[in-house]
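Please find one structure pasted underneath; my questions will follow.
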Amino acid sequence: EVMIHRPGIEMVFGLLQPYAFLYERAFSFTEAVREHRQLQSALEEEGVKVRTLQQLALEVAEAHPGVARRVRAQIPKIVKYTGPAEMVRRSRETLRQNLKEFDAETLFQILLLQP
């Protein structure tokens, strides 16, 4: 059994700042996703059970509600805002108010992107 992370929009952000994301060079997002799918298919054809990081994270959050609570507590520390002070303050407050509405999928995506 192996765990993989299926590339998504976070890879595009990485291409905008390759060295910070440990990319040696620019590359095609489409080609990278295709190659990743081929690797997953090859593993499965060999009988390897492939699980995604996202699947595992969602299963854990569902089975252990305390995990989602801890993630919700961390998100305001992770999300960065810039702009006029009053706008930043309002944005942070809105995020805090909305956190309780975010499902596990949304929480996972926020952690992944770290906006």
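Label-point separation (nm) for GLU31 and ALA85, each offset 7 Å from Cα along Cα-to-Cβ?
Simple spin-label model gives 4.9 nm for this pair.
Next up: Give a residue-ordered list of calculated ³J(HN,Hα) values for the range 8-16 (Karplus: 6.51 cos²θ - 1.76 cosθ + 1.60, θ = phi - 60°; whole Hz; x for Gly, Pro).
My calculation for the range 8-16 gives x, 4, 4, 5, 5, 4, x, 5, 6 Hz in order.
Could you check the simple spin-label distance between MET3 and GLU62, using points 7 Å along Cα→Cβ, in nm with one decimal?
If labels sit at MET3 and GLU62, their model points lie 1.7 nm apart.
Can you compute the FRET efficiency between ALA42 and LEU15 using 1/(1 + (r/R0)^6), with r the Cβ-Cβ distance and R0 = 30 Å? Round to the nearest 0.05.
0.75
Please identify every one of the trypsin sites (Lys or Arg not before Pro) in the range 1-94 that sits in a loop by DSSP and has no more than 15 other beta carbons within 10 Å of its own beta carbon.
Listed in order of number, the matching sites are ARG25, LYS49, LYS80.
Using DSSP loop states and a limit of at most 14 other Cβ atoms within 10 Å to flag chymotrypsin sites (Phe, Trp or Tyr not before Pro), what is the longest stretch of the chain containing no flagged site?
28-80
Moving to a separate point now. Using unit Cβ charges (K, R positive; D, E negative) and no other charged atoms, how large, in debye to the nearest 20, is the dipole of the chain about its Cα centre?
740
Is the chain rounded, prolate or oblate when judged by the Cα gyration tensor, a ≥ b ≥ c being the square roots of its eigenvalues, rounded requiring a/c under 1.5 and prolate requiring a/b larger than b/c?
Judged from the Cα gyration tensor, the chain comes out oblate (a/c at least 1.5, b/c at or above a/b).
Moving on to the next point. Under 5 Å between amide H atoms, partner at least 5 residues away or on a different chain: which partners does PHE27 have, H built in plane at 1.01 Å?
none
Here is a follow-up. When the Karplus curve 6.51 cos²θ - 1.76 cosθ + 1.60 is applied with θ = phi - 60°, which whole-Hz ³J(HN,Hα) does each residue of the range 20-25 get, with x for Gly and Pro?
5, 9, 6, 8, 6, 7
While we're on this one: Taking θ as phi - 60°, what are the ³J(HN,Hα) couplings along the range 45-62 by the Karplus curve (6.51, -1.76, 1.60), each to the nearest whole Hz, with x for Gly and Pro?
Per-residue couplings from phi come out as 4, 8, x, 7, 7, 10, 10, 9, 4, 4, 4, 4, 4, 5, 4, 5, 4, 6 Hz.
Search the structure for amide H atoms under 5 Å from the amide H of ILE4, placed 1.01 Å from N in the peptide plane, and list their residues when 5 or more places away or on another chain.
It is ARG51, THR52, LEU53, by chain and number.
A further question on this structure: At 7 Å along Cα-to-Cβ for each site, give me the label-to-label distance between LEU95 and LEU53 in nm.
2.0
With Kirkwood's inverse mean 1/r over C-alpha pairs for Rh, give me the Rg to Rh ratio of the range 54-115, two decimals please.
Looking at the range 54-115, the ratio lands at 1.02.
Readers should treat all values here as calculations from the given coordinates under stated rules, not as data from a laboratory. From a predicted model like this one, the values you see are computed outputs, not experimental measurements. Neighbour counts are summed over all protein chains in view; Cβ atoms, including those assigned to glycine, are modelled from backbone coordinates with ideal geometry.
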